[in-house]
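Trainee: I have a structure here, written as C-alpha cells, and I will follow up with some questions on it.
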Amino acid sequence: MVPLIFAAIGAILFYKLGQALDDEEYAGSVVPPHVRDKKIQQHVDFNGHYCTRCGKRRLDFEIDHIIPIARDGRNSWHNTQVLCTDCNRRKGTTYSFLEGFRGRMK
C-alpha cells in the first residue's frame, strides 16, 4: 500500500512540475487578447457552446482565473478557465480546492 501512495504522490509532483515548466506567465492581471481568443476557441472546439460550470448553452464566454489574482493566483495558461459571463461574475474571487477539477468530473 505504501509504494502505491508514493507512486501517486510522485505522479502528481511530476505532473505539476511539467505544468510549471511549460506554463508562461503573462504580465499584469489581464490575459492578453491572443491568449484569450485561443483559450476560448479551444473550449468551443472541445465543449461546444456550453459553460463548464453551469452546463447551459451560452455564447458569451470569458476567461476566469481558477485561483484568483487577488488570492495570489498566477496569470498563466494553466490557471485560467473559460466560463460564461454569469458564472464568472458569480464566482468572483472565491476559490475552493476542487475548483480546478470542476467541469472535468462529469
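Trainee: Using the per-residue mean of other Cβ atoms lying within 10 Å as a proxy for protection, in what order, highest first, do the peptides 77-87, 26-36, 42-52, 57-67 fall? Show your work: numbers first, answer last.
Mentor: Values: 77-87: 19.2, 26-36: 12.2, 42-52: 13.9, 57-67: 15.6.
Descending packing order for the listed peptides: 77-87, 57-67, 42-52, 26-36.
Trainee: When the Kirkwood radius is taken over all Cα pairs of the range 26-101, what Stokes-Einstein diffusion coefficient follows at 4 °C and 1.567 mPa s, in µm²/s? All intermediate terms of the calculation are to be shown ahead of the outcome.
Mentor: Values: Rh = 12.6 Å.
Taking Rh from Cα pairs, D becomes 103 µm²/s.
Trainee: Along the charge dipole of the range 26-101, Cβ charges K/R +1 and D/E -1, which of 32, 87, 75 sits furthest on the positive end?
Mentor: Highest projection toward the positive end goes to 87.
Trainee: Suppose the chain between residue 70 and residue 34 were pulled fully straight at 0.36 nm per residue; how much longer would it get relative to their current alpha carbon spacing? If you can, show how the numbers build up before the last one.
Mentor: Numbers: separation 36, 0.36 × 36 = 12.96 nm, distance 2.31 nm.
Gain in length upon complete extension: 10.7 nm.
Trainee: Okay, moving on. To the nearest 20 debye, what charge dipole does the range 26-101 have about its Cα centre, counting +1 at the Cβ of each Lys and Arg and -1 at the Cβ of each Asp and Glu? Intermediate results must be reported in sequence, preceding the final value.
Mentor: On the way: 12 positive and 8 negative charges, 29 e Å.
In debye, rounded to 20, the range 26-101 gives about 140.
All of the numbers you see were taken from the coordinates with simple rules; none came from a lab. Because the structure is a prediction, the values reported are computed rather than measured. Glycine also receives a Cβ, built like all others from the backbone with ideal geometry; neighbour counts cover every protein chain displayed.
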